[in-house]
Amino acid sequence: MCIVLYDLPSTSPGCSMSFNTWRTRRLHIRSKRYCLNYKGLPFITEWVEFPDICHLYSKLGIAPNATKADGSPHYTLPVIYDPATNVVIHDSLAIAEYLDKQYPHTPQVFPHNTTGLTQVFTEAAMSYMPPARNLLLWTIFLCLNPPSAQFFRDDIESMVGKKLEDLVPDDQLSENMNAFQGVLGRIDILYAKNGGHGAYIMGDELSWADIVIASLLMCFRVSAGEDSQKWKEIISWHDGRWTILMESMRRYE
């Protein structure tokens, strides 16, 4: 029996565009796909567009654990269903913790009792994101299928009070890219604390922290295209730190 991963599709066939399924206001990264592949757990994907997530929650009998600013329910992916235990879990962190606990003999995404430490790292890294928020939102929007794109547009525009096209005007693209480079620069300082011993924050050992950062970067790779100048520029920053990380993560894609 395979675990079922409910994921958000993109215009790139077979690729998710969910910043918790390939995590800004709980926009959902590719983290669950990385986790499942890293742990070697068999799974199948069921693609769910944004407008249909609420129906999925109803079908699975689960309630959203977050609300929007107006108090309405906030339905998010990822969601998994594990037929081995008849359990449904949503929220990427809760899913990762479940997988480690339920399958202890597989590689752990929170190794050596580092659950708390890696969660603190994640929250710190995400707190750096606001300067690059608009660029990330625009990047995600560009790769959504029409039903999800319209839903995303309505949701984000009501939140920020402006058109999506005005988030990253052409004459401010360089400024937004510089802001994202600054965000990654702060994260690079944390990675450098491993003393150059491996691609990961813990050196040679992968953890949840690396999955979160790789998932963030994956949004840009899927949206811009792996052969694009934009993607090549991003992964060249900070002495190629992100090239090394993403190449090391390729085996878990």
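The values are calculated or read from the model by the stated rules, or taken from the named source; none is laboratory data. Because the structure is a prediction, the values reported are computed rather than measured. So basically every Cβ, Gly included, is an ideal-geometry build from the backbone, and we count neighbours across all protein chains shown. Ligands, DNA and RNA are stripped out before the accessible areas are found, and what is left, the full protein with its side chains, is counted by its heavy atoms. Shrake-Rupley method; radii C 1.70, N 1.55, O 1.52, S 1.80 Å.
Residues in segment 59-89 that are open to solvent by less than 30 Å² (accessible area, probe 1.4 Å), at pLDDT below 90 and β-branched (V, I, T): 1 in all.
So that you can scan it fast, the table gives a plain yes or no per residue for (1) within 27 Å of P9 (Cα to Cα); (2) not hydroxyl-bearing (S, T, Y):
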{"residue": "C143", "(1), (2)": "yes, yes"}
{"residue": "I156", "(1), (2)": "yes, yes"}
{"residue": "D170", "(1), (2)": "yes, yes"}
{"residue": "S174", "(1), (2)": "no, no"}
{"residue": "A192", "(1), (2)": "no, yes"}
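Scanning segment 158-177 for residues that are under 21 Å from the mean Cα position of the chain (by Cα) and modelled with pLDDT of 90 or more turns up L164, L167, V168, N176, M177. Scanning segment 33-50 for residues that are open to solvent by less than 50 Å² (accessible area, probe 1.4 Å), within 23 Å of D100 (Cβ to Cβ) and not in a helix (DSSP H, G or I) yields L41, F43, T45. Taking the listed residues R250, R241, the one that is open to solvent by 70 Å² or more (accessible area, probe 1.4 Å) and among the basic types (K, R) is R250, with no other qualifying. Filtered by the rule that a residue be out of contact with any helix residue (DSSP H, G or I) (no Cβ under 6 Å at 6 or more places or on another chain) and of a type in the set (S, T, Y), segment 192-238 gives S228, S236. When segment 199-230 is filtered for residues that are assigned to a loop (DSSP other than H, G, I, E, B) and open to solvent by 30 Å² or more (accessible area, probe 1.4 Å), the ones remaining, listed by number, are I201, M202, D204, E205, E226, D227.
Take the conditions (1) open to solvent by 20 Å² or more (accessible area, probe 1.4 Å); (2) touching a Phe, Trp or Tyr at 6+ places or on another chain (Cβ under 8 Å); L56 misses just one of them, which is (1). Contact map, segment 49-70: first residue assigned by the TED database to the domain that holds H90, second residue acidic (D, E) and assigned to a loop (DSSP other than H, G, I, E, B), Cβ cut-off under 7 Å, separation 6 or more or different chains; pairs are N65/D91.
A quick yes/no check of all residues on (1) open to solvent by 40 Å² or more (accessible area, probe 1.4 Å); (2) more than 23 Å from Y200 (Cα to Cα); (3) out of contact with any helix residue (DSSP H, G or I) (no Cβ under 6 Å at 6 or more places or on another chain); (4) part of a helix (DSSP H, G or I):
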position: T118; (1), (2), (3), (4): no, no, no, yes
position: F121; (1), (2), (3), (4): no, no, no, yes
position: C143; (1), (2), (3), (4): no, yes, no, no
position: S148; (1), (2), (3), (4): no, yes, no, yes
position: F151; (1), (2), (3), (4): yes, yes, no, yes
position: D155; (1), (2), (3), (4): no, yes, yes, yes
position: V168; (1), (2), (3), (4): no, yes, no, no
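All of (1) open to solvent by 40 Å² or more (accessible area, probe 1.4 Å); (2) modelled with pLDDT under 90 hold for L27 with one exception: (1). Checking each residue in segment 193-225 for being out of contact with any strand residue (DSSP E or B) (no Cβ under 9 Å at 6 or more places or on another chain) and acidic (D, E) picks out D204, E205. Applying the criterion of being at pLDDT 95 or above and open to solvent by less than 30 Å² (accessible area, probe 1.4 Å) to the residues of segment 90-105, the residue that is nearest to I62 (Cα to Cα) is L99.
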